[in-house]
Every structure is written in C-alpha cells, then in structure tokens.
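K.L.:
Quick one: structure below, then a few questions.
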Amino acid sequence: MRKDVRAGLEAARAGHAVSKKNYRGLSAFSSRIDELAIEHVLGGSGVDVAGQFEGRRLEVRSAGEDAWLGKPAAYVPALDGVLDETTALASDDLSGVLTGGAAGGLERLALDGNQACVAEASTASMASMANTAGDALASWTYSGESQLVRRQRTSFRCVSEALKAAVDGDRIVLLRGTHNGLGETIVVGKRVLIEGEGRLGETVIDMRANVPTFKVTRGGVVIRNVTVDHTGFREAVLVDGGKEVRPLFEMVDVTCSGDDGVHVGGSARPVLRRCRVKAKKVGVKCFDSGTVTLDRCIVEDCGGVGVMAMDAGRVNGSRTAVSGGGEDGVVVMNAGRCSLVQCTVSDNKGAGMDCSDTGYGMMSGCTVEGNVGGVFAWDGSSVLATGSRLDGGAAHVVLVDGSASVDMRGCTVKGGVHAPEDKWGGLLEGGNVFESPDGAVDFPIESGPFQFVPSPYTSL
C-alpha cells in the first residue's frame, strides 16, 4: 500500500507540474497531492515526514522574552533585509533602526539574541535593499564587517511572515524558544510542514488573544512538535473547510486557559496523532459534519467535557486517554457519532460516555473507570460496547432512558444498571460478566456537572 501511495503521489506531482494553475497556484491535482501526502505520512512511523515537503526550509526565529508581549523576533538586517513601512510588522518601531532610507553609518545589531556585530551599510547597498521592499523572499546585498554578502531571505521573525512567503511544499521550522501570533490567528491555507526544533516543549507558541492560534483551511498540512500555550476566550486550534481539508497534527501539546482546545467544523477531517489537549472548557469538539481522528492522544484535565461530537460530527479515537475532566469524559449529542477503540476514559466528574438525541457511541476494547457513572444513553441514542470493561463508580454503570438502547457484547460490567425491562435484552444476551460495585450506587446528586442551571436566554 505504501508503494501505491508513493507512486500516486509522484504521478499527482507530475500532473500538477504541467497543469494550468489558478491565481493561488492550485491545479486539478492539488487536492490529490494533499490527500496522498498525508496518507504517506500516516503510512508508518518510519516515514520521513519532512521528505514529503520538497520545497525550501524557512526558519522562524524565537521572540525570546518579548514573546509574551506579543512581539516578533528582533529585526536583523543581515537576515531580514530592508525594514520600512512596507516590510515592518505591526509592532515595529521604525525610529532608530536600519531602514531603506538610511544613508550609511554604524549600527550595533543583536544577532541570535546574544551576539553583536557592527554593520556598515553603504549608500549603494542600501539602495539595493530598498529595491527589494515588499518582497518576502527578496535577495539583497548586505554590507557587514567590511564584506558585501548577497543574501536571499529564508529567516523570519514570526510564523505568519514565513507563511506569507511560503509556497506549497515548503517546510517552516520554528527555532527553539518562544513564538507568538502577534495577536492574530495564524491561518494555514498552504500545503506546508510547520515543525518545532528540538524536543517537544522546547518550541512554544505563546498566544495571548481572543482568536485561535491556528486556523487550518487546507489539506496536506502537517503541524508537529509544537507546544501551543493559548490564553484567550477562543479555541486554541480551529480546523474548518470541506472534506479535502485533512491536516495532521503530530506531537502537538495544546493548552487553552480560557476556552476550548480544538474545534473541527465544516466537513474537515483532521488527524491528531500523539497529541495532548488540555482546556478550560471542552478539550476536542467536533461539529457540523466534521470528522476528527484521535490516535494515541491524551485529553486531560479539561474544565468541561473531554471529547464532544455534536451536530453530525464524528470522533474516531484509538489508544486515546480521556481523563480528569470537570464534566463527562465523552459526550455524543444531536446526530453525532463517536467510535473508541482501545481507549481509556477515567477519573472524570461526569459519566464516562453520555449519549443523547440520536447520537451513536461505540466502544471496543475500552476501559471506563473512576468516573461518576459509566455509559448513559438518553432520548433516541444508542451505544454498542464490545470487549470492554465498564465501571460506574458511585453512579450507575449503565443508564438507559427513553427510547435509547445499549448493546453490550463480551464486556465486564461493574456496578448498578438502570434500564427499562425491555432494554435488558442487549445486556443479558451478550455474554457479559456482571460484577457488584464496591459501594452503594445511586443517581448522581445535583451538583457539579449534574447541576441544572437555567439559561436566561432559553428558560421561561
């Protein structure tokens, strides 16, 4: 299968090279390249991710101690070229810096945060720099230490600046340290790889704004080895668009102190692999008709629900842990669907899985324990569990209400079961093993996540 994907990817790239492009540089083969690139990366742990991005290596320098102020990395003429009204970032102060209008002289410049050099810019070299104003990847002549050096820009001061210069297939490397979005969402609409340098935790995006840190609207995008520390009243990561929008987040650590962690909307189909999500509210929320895949992820210590599928959204989880939440571990509502394979849902203050409306939940080889309740099904929802171990803790391990249904096969069910008589068939005829609870079992008391708080907008 890997060989087929590789061959298809090479053929799609060849077709793209000779095809007519639109104003964005896209051809009829672009979406196919996006899809196959992600398939190749997902094909196995030995796949060279960077090798799927055949373009240039663009680096983003750390903003250092100024990152928490929403400032970019320091301006360095030898790396950034001319700095004037057309090339400066919003936070730049053009007074006292080397600009295209300067006539020469000596300036002491900080390089890499801890080195300094004396740069002499002649009138001729500055004119060369001025001619490149507004070109994000311009070449210019730089006069430094009595030597003229011809440069082409591949180093940038913030992620958005590098994305503006990037084209499909480029690799954007965030150098070790702290970066930020300068108060604006980093919109990823090109097929690029964005990766942090070093080990996970050494490259951090410190975002302080009421907008998402990342908004991904393109397929074929890979974001990996980055820590996202988001402070604000919006989700940290938003993936939105049609079904062709299938990005991969790998080894991304997301923390949101004011809202949700990850939102998936439209018909987008992102994959989160070996990621960690922690949020003030919901960890991972999938809505509209989106589909999110969680592979070996950790969703922990969320103030609200860990994982939520609503509208017609779908959540597919494998070898994923959802724990320590302030409400239910997994919620499936509206016409949402959630399938969990070899997952653990534990130590949440609400039920392990709570399904309502016409939602559908499936668990295979899962463990549900330490929550306040096991599997709850309401309204017209349905749940199928096979080969799983379910423990309800202080509340019912299985609760079925209304026209909902629960079907279990080969499960170990520990705790009390509350279900109408006509619903017991799906429990007694499936070869399940029933165990007594460790203590008394009852309905959850009306506190915490089970407390009813009327809405002033919907209640009379």
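The values are calculated or read from the model by the stated rules, or taken from the named source; none is laboratory data. All figures in this text were calculated on a predicted structure; none of them were measured in a lab. A quick note on method: Cβ atoms are made from the backbone with ideal geometry, for glycine too, and the neighbour counts reach across all protein chains shown.
K.L.:
Just one of 245, 262, 292 is assigned by TED's automatic domain parsing to the domain that holds residue 213, more than 24 Å from residue 346 (Cβ to Cβ), buried (at least 19 other Cβ atoms within 10 Å of the Cβ) and touching a Lys or Arg at 6+ places or on another chain (Cβ under 9 Å); which is it? Talk me through it step by step, then tell me what you get.
P.N.:
Working: 262 fails: more than 24 Å from residue 346 (Cβ to Cβ); 292 fails: more than 24 Å from residue 346 (Cβ to Cβ).
When all the criteria are applied, what remains is 245.
K.L.:
Sticking with this structure for a sec: Looking at the structure I just gave you, is residue 245 under 10 Å from the mean Cα position of the chain (by Cα) and in contact (Cβ under 8 Å) with a residue 12 or more places away in the chain?
P.N.:
Working: under 10 Å from the mean Cα position of the chain (by Cα): no; in contact (Cβ under 8 Å) with a residue 12 or more places away in the chain: yes.
No, not satisfied.
K.L.:
Check whether at least one residue in region 347-364 is touching a residue at least 60 places away in the same chain (Cβ under 8 Å), under 19 Å from residue 442 (Cα atoms) and surrounded by fewer than 21 Cβ atoms within 10 Å (Cβ to Cβ), and report yes or no.
P.N.:
Within region 347-364 (the criterion being touching a residue at least 60 places away in the same chain (Cβ under 8 Å), under 19 Å from residue 442 (Cα atoms) and surrounded by fewer than 21 Cβ atoms within 10 Å (Cβ to Cβ)), the answer is yes, since at least one residue qualifies.
K.L.:
Quick one: which of 167, 188, 173, 228 is in contact (Cβ under 8 Å) with a residue 40 or more places away in the chain and touching an Asp or Glu at 6+ places or on another chain (Cβ under 8 Å)? Step through it out loud before you land on a result.
P.N.:
Numbers: 167 fails: touching an Asp or Glu at 6+ places or on another chain (Cβ under 8 Å); 188 fails: touching an Asp or Glu at 6+ places or on another chain (Cβ under 8 Å); 228 fails: in contact (Cβ under 8 Å) with a residue 40 or more places away in the chain.
173 is the lone residue from the list that is in contact (Cβ under 8 Å) with a residue 40 or more places away in the chain and touching an Asp or Glu at 6+ places or on another chain (Cβ under 8 Å).
K.L.:
A follow-up question, please. Could you tell me which of the residues 394, 385 is touching a residue at least 40 places away in the same chain (Cβ under 8 Å) and in the same structural domain as residue 349 (by TED's automatic domain parsing)? Steps first, please.
P.N.:
Values: 385 fails: touching a residue at least 40 places away in the same chain (Cβ under 8 Å).
Testing whether each residue is touching a residue at least 40 places away in the same chain (Cβ under 8 Å) and in the same structural domain as residue 349 (by TED's automatic domain parsing) leaves just 394.
K.L.:
Being touching a strand residue (DSSP E or B) at 6+ places or on another chain (Cβ under 6 Å), assigned by TED's automatic domain parsing to the domain that holds residue 218 and surrounded by fewer than 20 Cβ atoms within 10 Å (Cβ to Cβ), is that true of even one residue in region 180-189?
P.N.:
To start, the set of residues in region 180-189 that are touching a strand residue (DSSP E or B) at 6+ places or on another chain (Cβ under 6 Å) comprises 180-181, 185-188.
Adding the requirement that they be assigned by TED's automatic domain parsing to the domain that holds residue 218 leaves 180-181, 185-188.
Narrowing the set further to residues that are surrounded by fewer than 20 Cβ atoms within 10 Å (Cβ to Cβ) leaves 185, 187.
Yes, there is a match, as at least one residue in region 180-189 is touching a strand residue (DSSP E or B) at 6+ places or on another chain (Cβ under 6 Å), assigned by TED's automatic domain parsing to the domain that holds residue 218 and surrounded by fewer than 20 Cβ atoms within 10 Å (Cβ to Cβ).
K.L.:
From 163, 174, grab the single residue that is within 17 Å of residue 73 (Cβ to Cβ) and at pLDDT 95 or above. Working first, answer last.
P.N.:
Values: 163 fails: at pLDDT 95 or above.
It is 174.
K.L.:
Which of the residues that make up region 175-199 are assigned to a loop (DSSP other than H, G, I, E, B), among the hydrophobic types (A, V, I, L, M, F, W, C) and closer than 21 Å to residue 235 by Cβ?
P.N.:
Taking region 175-199 and keeping what is assigned to a loop (DSSP other than H, G, I, E, B), we get 175-176, 180-185, 189-192, 197-199.
Those still in the list that are among the hydrophobic types (A, V, I, L, M, F, W, C) too: 175, 182, 192.
Of everything in region 175-199, just one residue is assigned to a loop (DSSP other than H, G, I, E, B), among the hydrophobic types (A, V, I, L, M, F, W, C) and closer than 21 Å to residue 235 by Cβ, namely 182.
K.L.:
Need the failing condition index for residue 182 against (1) on the phi < 0 side of the Ramachandran plot; (2) in contact with a Cys (Cβ under 8 Å, 6 or more places away or on another chain), just the number.
P.N.:
Failed condition: (1).
K.L.:
Here's another thing I want to ask about it. Can you tell me how many residues in region 439-448 are crowded, with 16+ Cβ neighbours inside 10 Å and either without any contact (Cβ under 8 Å) to a residue 60 or more places away in the chain or in contact with a Ser or Thr (Cβ under 8 Å, 6 or more places away or on another chain) (or both)? Please lay out each step first, then the result.
P.N.:
From region 439-448, those crowded, with 16+ Cβ neighbours inside 10 Å are 441, 444; that's our starting set.
Imposing the further condition that a residue be either without any contact (Cβ under 8 Å) to a residue 60 or more places away in the chain or in contact with a Ser or Thr (Cβ under 8 Å, 6 or more places away or on another chain) (or both) reduces the set to 441.
Summing the residues that are crowded, with 16+ Cβ neighbours inside 10 Å and either without any contact (Cβ under 8 Å) to a residue 60 or more places away in the chain or in contact with a Ser or Thr (Cβ under 8 Å, 6 or more places away or on another chain) (or both) in region 439-448 gives 1.
K.L.:
Within region 286-296, does at least one residue satisfy the condition of being farther than 20 Å from residue 357 by Cα, touching a residue at least 24 places away in the same chain (Cβ under 8 Å) and assigned to a loop (DSSP other than H, G, I, E, B)?
P.N.:
Looking through region 286-296, at least one residue is farther than 20 Å from residue 357 by Cα, touching a residue at least 24 places away in the same chain (Cβ under 8 Å) and assigned to a loop (DSSP other than H, G, I, E, B).
To keep it simple, each residue is scored yes or no on (1) in contact with a Ser or Thr (Cβ under 9 Å, 6 or more places away or on another chain); (2) farther than 24 Å from residue 49 by Cα; (3) of a type outside the set (Val, Ile, Thr).
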site: 233; (1), (2), (3): no, yes, yes
site: 248; (1), (2), (3): no, no, yes
site: 261; (1), (2), (3): yes, yes, yes
site: 267; (1), (2), (3): yes, yes, yes
site: 307; (1), (2), (3): yes, yes, no
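K.L.:
Check off (1) touching a Cys at 6+ places or on another chain (Cβ under 8 Å); (2) polar (S, T, N, Q); (3) without any contact (Cβ under 8 Å) to a residue 24 or more places away in the chain for residue 436 and give me the number that stays unchecked.
P.N.:
(1)
K.L.:
What about residue 252, is it touching a Cys at 6+ places or on another chain (Cβ under 6 Å) and closer than 27 Å to residue 202 by Cα? So that I can check it myself, show each step before the final result.
P.N.:
Values: touching a Cys at 6+ places or on another chain (Cβ under 6 Å): yes; closer than 27 Å to residue 202 by Cα: yes.
Considered against the rule, which asks whether it is touching a Cys at 6+ places or on another chain (Cβ under 6 Å) and closer than 27 Å to residue 202 by Cα, residue 252 comes out as yes.
Conditions tested, residue by residue: (1) within 27 Å of residue 220 (Cβ to Cβ); (2) part of a strand (DSSP E or B).
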site: 267; (1), (2): yes, no
site: 277; (1), (2): yes, yes
site: 299; (1), (2): yes, yes
site: 325; (1), (2): no, no
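K.L.:
So, one more: May I ask you to verify whether residue 395 is more than 32 Å from the chain's Cα centre (by Cα) and under 20 Å from residue 332 (Cβ atoms)?
P.N.:
Details: more than 32 Å from the chain's Cα centre (by Cα): yes; under 20 Å from residue 332 (Cβ atoms): yes.
Taking the combined requirement at face value, the residue satisfies it.
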